[in-house]
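The values are calculated or read from the model by the stated rules, or taken from the named source; none is laboratory data. Keep in mind that this is a model prediction, so the values were computed, not measured. Here Cβ is always computed from backbone atoms with ideal geometry, including for glycine, and neighbour counts include all displayed protein chains.
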Amino acid sequence: SGGDTSKHLIDACCGVGTVILEGVFAGYDICGWEISPKVAEFARLNVAHYQYNAKIVTGDMKDIKEYYDAVIIDLPYNNFSHYDEEKQWNIIKHAKHIANRMIIVTATNIEEKLYEEQLKIIDYCRAEKTIKGDFTRYIWICKN
């Protein structure tokens, strides 16, 4: 959003709502979609715990009809869900239809695949934690 808190954001695979919590805390208009009803309920509980106001929808992101200023996708890493590479790329392909700007978080370097999907990489970084073992995430900011 470039710091513009009036932008309408969506976390299309919101999980338990970590990104939603950070977005609301920072003053953004952000909502979340989660395919798993149980996980979506945890997201709602987390939002309520902090007395935040954010809409969490239970459903497949393929059903999203609204267009957003930016979509955030923290791809499933198979820790709690079973998503193969094809399903992950389907998530990215669909996200291209709901926002022109995408923030994609991955566990692996997908730079070449992003170019294959004809996404323009505006910026990226690699974040690491090594206290309890290796933990690496790549964060990509892309445009259609």
For segment 108-123: of the residues being assigned to a loop (DSSP other than H, G, I, E, B) and surrounded by 10 or more Cβ atoms within 10 Å (Cβ to Cβ), which is modelled with the lowest pLDDT?
Thr108
Based on this model, can you work out whether Glu111 counts as touching a residue at least 12 places away in the same chain (Cβ under 8 Å), of a type in the set (Asp, Glu) and touching a strand residue (DSSP E or B) at 6+ places or on another chain (Cβ under 8 Å)?
yes
When the residues of segment 1-27 are narrowed to those that are among the hydroxyl-bearing types (Ser, Thr, Tyr) and farther than 22 Å from Ile92 by Cα, which ends up surrounded by the fewest Cβ atoms within 10 Å (Cβ to Cβ)?
Ser6
Select from segment 124-144 the residues that are at pLDDT 90 or above, more than 14 Å from Thr106 (Cα to Cα) and loosely packed, with under 10 Cβ neighbours inside 10 Å and list them in ascending order.
none
Test Ile72 against the stated conditions and say whether it is at pLDDT 95 or above and either closer than 20 Å to Ser1 by Cα or surrounded by 12 or more Cβ atoms within 10 Å (Cβ to Cβ) (or both).
yes
Of the listed residues (Asn78, Asn53), the one being at positive phi and modelled with pLDDT under 95 is Asn78
Only one of Gly15, Gly32, Gly3 is free of Cβ contacts under 8 Å to residues at least 24 places away in the same chain and under 20 Å from Ile139 (Cβ atoms). Can you tell me which?
Gly3
Considering only segment 28-39, state which residues are buried (at least 18 other Cβ atoms within 10 Å of the Cβ) and of a type in the set (Gly, Ala, Ser).
Gly32
